Amino acid sequence: VSEYEAYSDTQHGSRLVYYFDKSRMEITDPLSDRSNPWYVTNGLLVKELITGQMQIGDAAFQPYSPAHVGVAGDPDDDLGPTYASFVNLLDAGATSTGTVIDATLARDGSTGVDGRYAEYGVVAGPWIDVTAHSVAGVFWDYLNSSGVIATPDGLQAGPLFEPWFYATGYPITEAYWSQVKLKGIYTDVLVQCFE
């Protein structure tokens, strides 16, 4: 759904936004250079859903409650974490690079450790100094993967994301294992929130 939303730091007092399942694309300044790769940006929707602070200007926010909407899984999942589950985890310490991830997150926001998740062999990838969080290795591999991409010169092989944080933003939490309902079946899922 595309619409104009109030945004105080623009010439018209609004910005054009387009919502997707887990993200929001924005054109904050329609009069800026359209050839700039940051002309259209992905907003900080996930951060807003966790904190309840909706950005309505460069430094202006409208307070709401954190979202009790599932981060992953079926809409009727009553077990997996919601965005509100991460409220107290934004400042959690980073997992050291190379450490096997066996941390867990419950819907109520409580964390723990479950050694059976070590069997998946997922390790923490690099630490990102901008947000002081590590990126799970499997997510890091995806964010730095290559494939066939559309360019002005036609289809070519290249990085899917350039730079790697272009589509997702930086990590704002660590990665946690949870049980999430997917297609009616509770399944082990690794979740991590990015801007």
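The values are calculated or read from the model by the stated rules, or taken from the named source; none is laboratory data. What you are looking at is a predicted structure, and each value in this text was computed from that prediction instead of being measured. Note that we place each Cβ from the backbone using ideal geometry, even for glycine, and neighbour counts take in every protein chain shown. For accessibility, only protein heavy atoms count, side chains too; no ligands or nucleic acids. Shrake-Rupley method; radii C 1.70, N 1.55, O 1.52, S 1.80 Å.
Can you classify region 77-119 as rounded, prolate or oblate using the Cα gyration tensor, where a ≥ b ≥ c are the square roots of its eigenvalues, rounded means a/c under 1.5, and otherwise it's prolate if a/b beats b/c and oblate if not?
Judged from the Cα gyration tensor, region 77-119 comes out oblate (a/c at least 1.5, b/c at or above a/b).
Using modelled backbone amide H atoms (1.01 Å from N, in-plane), which distant-in-sequence or interchain residues come within less than 5 Å of Arg24's amide H?
Gly43, Leu45
Report the relative contact order of region 1-149, percent, no decimals, based on alpha-carbon pairs under 8 angstrom and at least 6 residues apart.
Answer for region 1-149 is 12 percent.
Mind checking region 1-54 for chymotrypsin sites (Phe, Trp or Tyr not before Pro) that DSSP puts in a loop (not H, G, I, E or B) and that have at most 12 other Cβ atoms within 10 Å?
The qualifying sites are Phe20, Trp38.
If you count only protein heavy atoms with a 1.4 Å probe, what accessible area per residue comes out for region 45-174, rounded to a whole Å²?
Accessible area per residue, region 45-174: 54 Å².
Let me know the shape class of region 154-195, please: from the alpha-carbon gyration tensor, a ≥ b ≥ c as square roots of the eigenvalues, rounded when a/c is under 1.5, otherwise prolate if a/b is greater than b/c, or oblate.
oblate
Based on the alpha carbon coordinates of region 9-51, what radius of gyration and maximum Cα-Cα distance (Dmax) apply, in Å?
11.3, 33
Summarise the accessible area of the chain (1.4 Å probe, protein heavy atoms) by the percent that is carbon and sulfur.
After summing per-atom areas, the C and S share lands at 56 percent.
With the Cα gyration tensor of region 18-83 in hand, give its eigenvalues times 5 under a square root as the equivalent ellipsoid semi-axes, listed largest first in whole angstrom.
In descending order, the three semi-axes are 28, 15, 7 Å.
With the cut-off at 15 Å, report for region 69-144 the share of all Cα pairs above it, as a whole percent.
Here the long-distance tail beyond 15 Å is 63 percent of all Cα pairs in region 69-144.
Provide the convex hull volume over Cα atoms per residue for the chain, in Å³.
146
Have a look at Thr41, Gly109, Val122 and report the one farthest towards the positive end of the charge dipole of region 1-142, computed about the Cα centre with Cβ charges (Lys/Arg +1, Asp/Glu -1).
Thr41
Across 10 Å bins from 0, what is the distribution of all Cα-Cα pair distances for region 83-188, in whole percents?
P(r) over region 83-188, rounded to whole percents: 14, 37, 32, 14, 4.
When ranked by the protection proxy of mean other Cβ atoms within 10 Å per residue, highest first, what sequence do the peptides 71-83, 50-62 form?
71-83, 50-62
May I have the extent of the alpha carbons of region 127-189 along their three principal axes, as whole Å values ordered from largest to smallest?
Ordered largest first, region 127-189 gives principal extents of 44, 34, 15 Å.
Run lengths n ≥ 4 of DSSP H only: what is the helix-derived mean residue ellipticity at 222 nm for the chain, with -39500 (n - 2.57) per run over all residues, to the nearest 500?
-2000 deg cm²/dmol
Among Gly73, Gly93, Ala132, which residue has its Cα furthest toward the positive end of the charge dipole of region 1-134, with +1 on Lys/Arg Cβ and -1 on Asp/Glu Cβ?
Ala132
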